[in-house]
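Working notes, structure below.
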Amino acid sequence: MPKLKTEEIQVNFGPQHPSMHGVLYLKVTLDGEVITAADPVIGYLHRSMEKIFENRTYAQCIAIIDRADYMSAYFNEMAFVSAVEKLMEVDVPLRAEYLRVILMELNRIQNHALLYGTLGMDLGAVTPVFYGQREREKIFDLFELAAGYRMHPNYFRVGGVKEDVPEEFLTGTAKFCDNFAGWLEEYNTLLTGNEIFRVRTRGVGKIDPTWAINAGITGPLLRASGFKWDLRKNDPYSIYDQFDFEVPVGTQGDAFDAFWIRMAEMEQSLRIVKQALSKLPDGPIKAKVPLNVRPPKGEAYARIESPRGESAVYIVSDGSNKPYRVKVRAPSFLHIGCLPDMLRGQLVADAIALVGVVDIVMGEVDR
Amino acid sequence: MDSGAIIGMITLKGVLALAIGIVNIVIFIYMERKVIADMQVRFGPMRVGPHGTLQPIADVIKLLAKEDIVPAAADRLLFILAPFIAFVPAFMLYLTIPISENLVVADLPLGIFYLFGILTVVPVSVLIAGWSSHSKYALLGGLRGAAQQISYEIPLLASILGVIMLTGSFSLVDIVKAQQVPLIKLGAFTILPRWFIFLQPFGFLFYFTAALADTQRTPFDMPEAESELVQGYNTEYSSIKFALFFLGEYSNALIISALSVIIFFGGWSGFGPIPGVVWFFLKTYVFVYFIIWLRSTLPRIRIDQLMDMGWKILLPLTLVNIIVTGFLMIGR
Amino acid sequence: MSAVLFYILSAMLILFSLKVVTTKNLFHSVMAAFAVLLSTAGIFFLLNAEFLGIVEILVYAGAVTILVLFVVMLTTAGPQYRITWEGTPKMWTVIFAVLFGGMLGFVVLSIDWPTARPAALTDVTRTLAMRLFTEYLLPFEVASILLLAALVGAIVLARRD
Amino acid sequence: MNPELVDKITRKFPDVAHDISLDYNVFFAPKDDYLRLAEFLKSEPDLAFDHCSDLCGVDYLDYLEVVCHLYSYKLGHHLCLKARVTREEPEIGSLTSLWSTCNFHEREAWDLYGIVFTGHPDLRRILSDDDQPGHPYRKDVPLENDEEWLLRDEKTAEDYGLPLGWERSADA
């Protein structure tokens, strides 16, 4: 009797597909519903950002790097600015550092709220995305008060921030902090505690910590695998050593853990924002650095903990007012590199959940 | 009456049933949009008519005005045929639904059996649509949809066998009439009517779960899992053909709501001076609301979990339900 | 009225049956079979055998067609698969066709067909159940055991790889 | 990273130059030592660089440089490994077998700088088009569409088996 063989189908997920995050194009080979191979094709959003930097002054670069990870622009700015500051050995005034931390942590909340919504959407729940969006709007309003822009703020400067925040920003942030715990509760009732959601994410796409480290997985995904590592705690930059917060760690390394860590991180970010607000010192908001900076010849590498993982900027300076070479280490870029291994053997539906939980922003991947 | 008049009567009744069906589907669609919008902290349609009440009509006009595309690689004949195979059975179902004691096109002695017989034809249309589109998303969606529907038809039918055993009839009118006697009586007042929800609570649970899965509503909307398969088996469909699929699906969801009222919640029976028709629609729309509510809150179950649930949990449980019902009937 | 319907249904039945064996597209063949089953159900309805008609739709047109479609869609080399006639020994085909046709013809001619339409039963299900579980219990049980054996056999075959 | 460890590395690899002018340690590995040094850095228990944070190419006009930032989760120290390759023959060993994260990094460096990583399992273009001529991030690439430059890089494109679709665009 001839062996009955089911036919393998190659399906293209993206670049135009309702559930793909941005313009990611996944070539997936399916055996029935099981993925046998996946090949991510990227570059649809490639804007040669790193090359453009080489022809722009440092101040101009900040405006452009906002567009790298467009969901968490403050982190891009922070990585870039702190690399330049390392190069120039500038001491940033304390008030500026505090403002940076407040904005970055608000940005983290905003980013995770989006992930909460889109992951729900990926799993077929249509409502969470609206709840996530509701809080993001409030955070964007705060950003607008601080920087004047909602998504691409261009707010951090080498040696400080652009200008001091208005009083409404501080009161607005305080009010947001008071309300957010309740909203987080809503999030958890709607999705985290849902039986179907748990069944869909528990045990899906398990990540082993040793493999994850070798594959360059960082951030919430690495913590989900059970490896407790947060740059803010373990290699503190800025003033993160002055805050009291916890690093949530997963136990099983599956999609649910990765999702849960995002929820827990929102809580911790909220704690940091509250502490920073209460401790916010007075003083200058910018060190004595000209806008058109000319860092000395040399190079610097600055890493920060962005919502997606370890975000880093490597700058080579030739002493002029334009960087000689800028390399952006984008966590999503490397996570996409891990996707083929993570997706092999998963079901199609799980693959969508996994891509959702990995939290990819194509602006950062393609730069 | 001569035969011509009889045929005329039947045609008239059929057209009436179709009209009632379509009007209710339009209400269903509008309600779905509004209720979901409310649950998602937004307004939903507001522009067309007062509070967007004319939105479904605008939608239909929009769909009709769209270009009717047949993909070049599609199997033309089957591609065109599939929406009709989905739509026609969906509306044949209305013929046996008793809206009130006299408002029924045909009270067939095998009413329930007829309904489920017609429902089995729907997955064929899903498969044809998926295959003939010559698109991978459609193919996968079609395979999923058909597999899901045929696996849930068995528990669906088995879950209401308990009721049929208690009634001794397949006729929907008989089933409602069997529920119009009181179950618990205090003097002349009926405290609890003999609705089958009280006699067959588990049967109802199984029925509703299986019915949701059979009509592909959330959380079982696998064939149209838009996050995976774009739009499932009707990805390649546009214009009037898409509208037919769309209407067919909503019609099926409406039918299962109406059926749960008829089989488990006493159909048109109610109390007070309010006519039975009102009671019937009131109860039906409670279930419609429930279905919409589920859609707005729940994520989607995975296809293998769905199959497991159908074959390994629901089917054995419904069979147990039948056996227990049988024993109770003998024991009484 | 019913005579006209009967002729229409019979014509459909014959035409689609021919389509089943003549079309080279496997999927079309299954679809034609689906139409055949629906027409058969229609003829059952005309004969006042609603129960059988509905079972015909429920089991054959609904479930069996879909299972066949699954097999067609999942195991062959894509939707464009075509049936070919190569490798069939033609002589044997003709011999078997003639023998089978002769057998059918003999059966058809030898039976004394009732020409009157049977009266509609009032309580179809009950009558059917009574008959099935008393008079025809043995054939019923034998058939179910046979089906069970087929089921087990299918599982064994499918699991063997 | 403490000086003893630096000593240990320089003793083991005498050809490796060490630069202390920055806030992190930089090691310049000759092409032949590059892979061996990387392996040593990863496997040695008191170095234990288990995390490859970043790998990129830099064009210094006279030569190309591969810059690799390593970090040890275990011991918490950071190191920068550099290797120079010539523009004419930009070939260097691949670190993919040591840190699988280098797969994408090296594909990017190949795509943008044309550095060939021998031993890489899947060295394809990643960000730019498959039929893109040349390597766009090199410093000598003109920023405007320059016909002369496009033609100059014909050989490189051919060598790596890339489709040559760009002549048409140069005509147009």
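The values are calculated or read from the model by the stated rules, or taken from the named source; none is laboratory data. Remember, predicted model here, so these are calculated numbers, not experimental data. Cβ coordinates were reconstructed from backbone atoms using ideal geometry, including for glycine residues, and neighbour counts include every protein chain displayed. Just so you know, the surface numbers come from the protein's heavy atoms only, side chains and all, with ligands and any DNA or RNA stripped out. Shrake-Rupley method; radii C 1.70, N 1.55, O 1.52, S 1.80 Å.
So which of B:Phe113, B:Phe206 is in a helix (DSSP H, G or I), more than 9 Å from every other protein chain (Cβ to nearest Cβ) and either open to solvent by 10 Å² or more (accessible area, probe 1.4 Å) or among the acidic types (Asp, Glu) (or both)? Spell out the reasoning first.
Numbers: B:Phe113 fails: more than 9 Å from every other protein chain (Cβ to nearest Cβ).
Going through B:Phe113, B:Phe206 in turn, just one is in a helix (DSSP H, G or I), more than 9 Å from every other protein chain (Cβ to nearest Cβ) and either open to solvent by 10 Å² or more (accessible area, probe 1.4 Å) or among the acidic types (Asp, Glu) (or both): B:Phe206.
Scanning the stretch A:185-215 for residues that are of a type in the set (Ser, Thr, Tyr) and within 14 Å of chain D (Cβ to nearest Cβ) yields a single hit, A:Thr210.
Among residues of the stretch D:37-47 being open to solvent by 10 Å² or more (accessible area, probe 1.4 Å) and not basic (Lys, Arg), the one that is nearest to D:Ser94 (Cα to Cα) is D:Glu39.
For the stretch A:267-284: of the residues being open to solvent by 30 Å² or more (accessible area, probe 1.4 Å) and touching an Asp or Glu at 6+ places or on another chain (Cβ under 8 Å), which is nearest to A:Asp91 (Cα to Cα)? Among those that are open to solvent by 30 Å² or more (accessible area, probe 1.4 Å) and touching an Asp or Glu at 6+ places or on another chain (Cβ under 8 Å), it is A:Gln275.
The residues on offer are A:Lys206, A:Lys175, and the sole one that is charged (D, E, K, R), more than 30 Å from B:Glu32 (Cβ to Cβ) and not in a helix (DSSP H, G or I) is A:Lys206.
Residue-wise test of (1) at the interface with chain D (Cβ under 10 Å from one of its Cβ atoms); (2) in a strand (DSSP E or B); (3) at positive phi.
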| residue | (1), (2), (3) |
| --- | --- |
| A:Pro290 | no, no, no |
| A:Pro295 | no, no, no |
| A:Ala300 | yes, yes, no |
| A:Ile304 | no, yes, no |
| A:Ile315 | no, yes, no |
| A:Gly319 | no, no, yes |
| A:Lys327 | yes, yes, no |
| A:Leu334 | yes, no, no |
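Within the stretch D:48-70, residues that are more than 7 Å from chain A (Cβ to nearest Cβ) and free of Cβ contacts under 8 Å to residues at least 60 places away in the same chain sit with their Cβ atoms under 7 Å from residues that are among the polar types (S, T, N, Q) and not in a strand (DSSP E or B), at 6+ positions apart or across chains, in these pairs: D:Ala48/D:Ser72; D:Phe49/D:Ser72.
With modelled with pLDDT of 85 or more, part of a helix (DSSP H, G or I), acidic (Asp, Glu) and open to solvent by 70 Å² or more (accessible area, probe 1.4 Å) as the only criterion, which of C:Glu135, C:Glu141 stands out? Lay out the reasoning, then the answer.
Values: C:Glu135 fails: part of a helix (DSSP H, G or I).
Sole residue among the options that is modelled with pLDDT of 85 or more, part of a helix (DSSP H, G or I), acidic (Asp, Glu) and open to solvent by 70 Å² or more (accessible area, probe 1.4 Å): C:Glu141.
Total residues in the stretch A:336-357 satisfying the condition of being facing chain D (nearest Cβ under 10 Å) and farther than 19 Å from A:Arg47 by Cβ: the figure is 4.
Here the helices (runs of 4 or more DSSP H) wholly within the stretch B:1-99 that include at least 1 residues being polar (S, T, N, Q) and closer than 30 Å to B:Val173 by Cβ are B:3-39. Among the residues of the stretch B:48-68, is there at least one that is within 14 Å of another protein chain (Cβ to nearest Cβ), open to solvent by 80 Å² or more (accessible area, probe 1.4 Å) and acidic (Asp, Glu)? Within the stretch B:48-68, not a single residue is within 14 Å of another protein chain (Cβ to nearest Cβ), open to solvent by 80 Å² or more (accessible area, probe 1.4 Å) and acidic (Asp, Glu).
Can you tell me which condition A:Tyr237 does not meet? The list is (1) at pLDDT 85 or above; (2) within 14 Å of another protein chain (Cβ to nearest Cβ), and all the others hold. Only one criterion is unmet by A:Tyr237, namely (1).
Of the residues that make up the stretch A:146-153, is at least one open to solvent by less than 40 Å² (accessible area, probe 1.4 Å) and part of a helix (DSSP H, G or I)? Let's see the steps before the verdict.
From the stretch A:146-153, those open to solvent by less than 40 Å² (accessible area, probe 1.4 Å) are A:146-147, A:153; that's our starting set.
Retained after the next criterion (residues that are part of a helix (DSSP H, G or I)): A:146-147.
Looking for residues that are open to solvent by less than 40 Å² (accessible area, probe 1.4 Å) and part of a helix (DSSP H, G or I), one finds at least one in the stretch A:146-153, hence yes.
Against the condition touching a residue at least 40 places away in the same chain (Cβ under 8 Å) and over 15 Å from the mean Cα position of the chain (by Cα), how does D:Asp130 come out, does it pass? Judged against the criteria, D:Asp130 is not a match. Does A:Leu191 fit the bill of being surrounded by 17 or more Cβ atoms within 10 Å (Cβ to Cβ) and modelled with pLDDT of 85 or more? It is false that A:Leu191 is surrounded by 17 or more Cβ atoms within 10 Å (Cβ to Cβ) and modelled with pLDDT of 85 or more. Inspect the stretch D:52-66 for any residue being part of a strand (DSSP E or B), farther than 19 Å from A:Arg325 by Cα and open to solvent by 10 Å² or more (accessible area, probe 1.4 Å) and give the result as yes or no. No, the stretch D:52-66 contains no residue that is part of a strand (DSSP E or B), farther than 19 Å from A:Arg325 by Cα and open to solvent by 10 Å² or more (accessible area, probe 1.4 Å).
If I filter the stretch A:230-242 for residues that are assigned to a helix (DSSP H, G or I), aliphatic (A, V, I, L, M) and open to solvent by less than 20 Å² (accessible area, probe 1.4 Å), do I get at least one hit?
Yes, that holds for at least one residue.
Is it true that C:Arg117 is modelled with pLDDT under 80 and either within 14 Å of chain A (Cβ to nearest Cβ) or open to solvent by 70 Å² or more (accessible area, probe 1.4 Å) (or both)? Yes, satisfied. Scan the stretch C:1-28 and report the pairs whose first residue is within 13 Å of another protein chain (Cβ to nearest Cβ) and whose second residue is open to solvent by less than 70 Å² (accessible area, probe 1.4 Å) and part of a helix (DSSP H, G or I), with Cβ atoms within less than 7 Å and a gap of 6+ or a chain change. Pairs found: C:Ser2/C:Leu46; C:Leu5/C:Leu46; C:Lys19/C:Ala32; C:Thr23/C:Ser29; C:Thr23/C:Ala32; C:Leu26/C:Val72; C:Phe27/B:Trp131; C:Phe27/C:Val72.
Matching residues to (1) of a type in the set (A, V, I, L, M); (2) open to solvent by 30 Å² or more (accessible area, probe 1.4 Å):
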position	(1), (2)
B:Gly232	no, no
B:Leu244	yes, no
B:Ser251	no, no
B:Phe265	no, yes
B:Trp268	no, no
B:Trp279	no, yes
B:Met307	yes, yes
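Residues in the stretch D:21-36 that are open to solvent by 50 Å² or more (accessible area, probe 1.4 Å), farther than 17 Å from A:Ile315 by Cα and without any contact (Cβ under 8 Å) to a residue 40 or more places away in the chain were compared, and the one that is farthest from the other protein chains (Cβ to nearest Cβ) is D:Asp32. Looking across the stretch A:117-145 at every residue that is in contact with a Lys or Arg (Cβ under 6 Å, 6 or more places away or on another chain) and in a helix (DSSP H, G or I), the one that is nearest to the other protein chains (Cβ to nearest Cβ) is identified as A:Phe140. Looking at B:Ile22, B:Ile29, can you tell me which residue is away from every other protein chain (no Cβ under 14 Å), open to solvent by 40 Å² or more (accessible area, probe 1.4 Å) and under 22 Å from B:Phe290 (Cα atoms)? Testing whether each residue is away from every other protein chain (no Cβ under 14 Å), open to solvent by 40 Å² or more (accessible area, probe 1.4 Å) and under 22 Å from B:Phe290 (Cα atoms) leaves just B:Ile22. Kindly check whether there is at least one residue in the stretch A:80-96 that is over 15 Å from A:Arg157 (Cβ atoms), more than 13 Å from every other protein chain (Cβ to nearest Cβ) and either small (Gly, Ala, Ser) or touching a Leu at 6+ places or on another chain (Cβ under 7 Å) (or both). Within the stretch A:80-96, none of the residues are over 15 Å from A:Arg157 (Cβ atoms), more than 13 Å from every other protein chain (Cβ to nearest Cβ) and either small (Gly, Ala, Ser) or touching a Leu at 6+ places or on another chain (Cβ under 7 Å) (or both). Taking the conditions (1) open to solvent by less than 20 Å² (accessible area, probe 1.4 Å); (2) more than 27 Å from B:Lys13 (Cβ to Cβ); (3) modelled with pLDDT of 80 or more in turn, B:Ala74 satisfies each one other than (3).
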